[in-house]
Amino acid sequence: MEKKQNKLLLASAVFGALFVVGVVIFLVFVIKYAKDIDKLTEAFTLKAVIAGLAGIILLTVSTPLSFIFNLIGWIKGNNRHILASGILYVLSLNLVSAPLCFVEYFNDKRKIKNKLLIYAMIYAFIFSAIFIFGMLGSVGSDEFGVIYTILVVIAGFIINYFAWKTNNKKAKIIAGIVYIFTLNIVSAILCFISCNDNRKLPNAE
């Protein structure tokens with residue numbers, strides 16, 4: 001249990017707490033200016049306002065939950081809570097705490113093969129969440145572009161997952177190419193580099 005009570009998870013919890021405070025302050029301003037909703041609908045399209053409200057609701061729910069799961073994971077040393085907190089941190093756009101939780105989770109899973117592909121999926125999840133929310137919130141965003149991006153992201157995840165399970169080199173390359181179409185260069189590079197996983201590295205000792 002105590003191996004999980006480390007500085008990495010504590011740091012993510014501290015940033016998570018600060019993020020909760022920031023969201024509370026943000027919500028106070030939102031509630032304060034909610035009476036001017038008519039002005040907002042005049043300044044932005046109805047679709048942009050709805051997307052903004054959906055983002056606020058998601059932020060309101062995921063932010064405190066991510067901190068709670070992080071705290072439980074730190075205290076009890078439960079890997080499931082640590083992983084859940086990392087995913088929730090992504091949904092709440094806390095990209096400081098999220099990587100810390102993921103790194104701690106996968107560091108404890110040293111027997112997992114193809115870790116680069118796991119990290120490729122994590123970065124893809126983070127990048128896609130930001131990119132899609134940005135497209136939904138932008139004024140005059142193209143609906144076809146949003147649907148296309150979501151479909152390509154899903155395809156990338158599926159191929160990436162298949163490559164991780166089978167260690168298939170062709171699947172790794174295809175996943176990398178698909179990620180390029182979503183401008184997710186980090187995940188693409190990780191997929192390409194993972195093609196060399198089977199090569200024997202020289203002994204560093």
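The values are calculated or read from the model by the stated rules, or taken from the named source; none is laboratory data. Because the structure is predicted, anything quoted here is derived from the model rather than measured. Cβ atoms come from the backbone with ideal geometry, glycine included; neighbour counts cover every protein chain shown.
Name the single residue that is surrounded by the most Cβ atoms within 10 Å (Cβ to Cβ) among those in the stretch 1-53 being at pLDDT 65 or above and of a type in the set (F, W, Y).
The extreme case among them is F19.
If the Cβ limit is 7 Å and pairs must be 6+ apart or interchain, which residue in the stretch 187-198 that is assigned by TED's automatic domain parsing to the domain that holds L117 and in a helix (DSSP H, G or I) pairs with which residue that is small (G, A, S) and at pLDDT below 85?
Matching pairs, first to second residue: S187/A124.
If I go through the stretch 164-183 residue by residue, how many of them are within 18 Å of the chain's Cα centre (by Cα) and of a type in the set (S, T, Y)?
The qualifying residues number 2.
List every residue pair whose Cβ atoms lie under 9 Å apart, where the two residues are 6 or more positions apart in sequence or sit on different chains, the first residue falls within the stretch 69-90 and is within 15 Å of L59 (Cα to Cα), and the second residue, located anywhere, is among the β-branched types (V, I, T) and not in a helix (DSSP H, G or I).
Qualifying pairs under 9 Å: Y89/V96.
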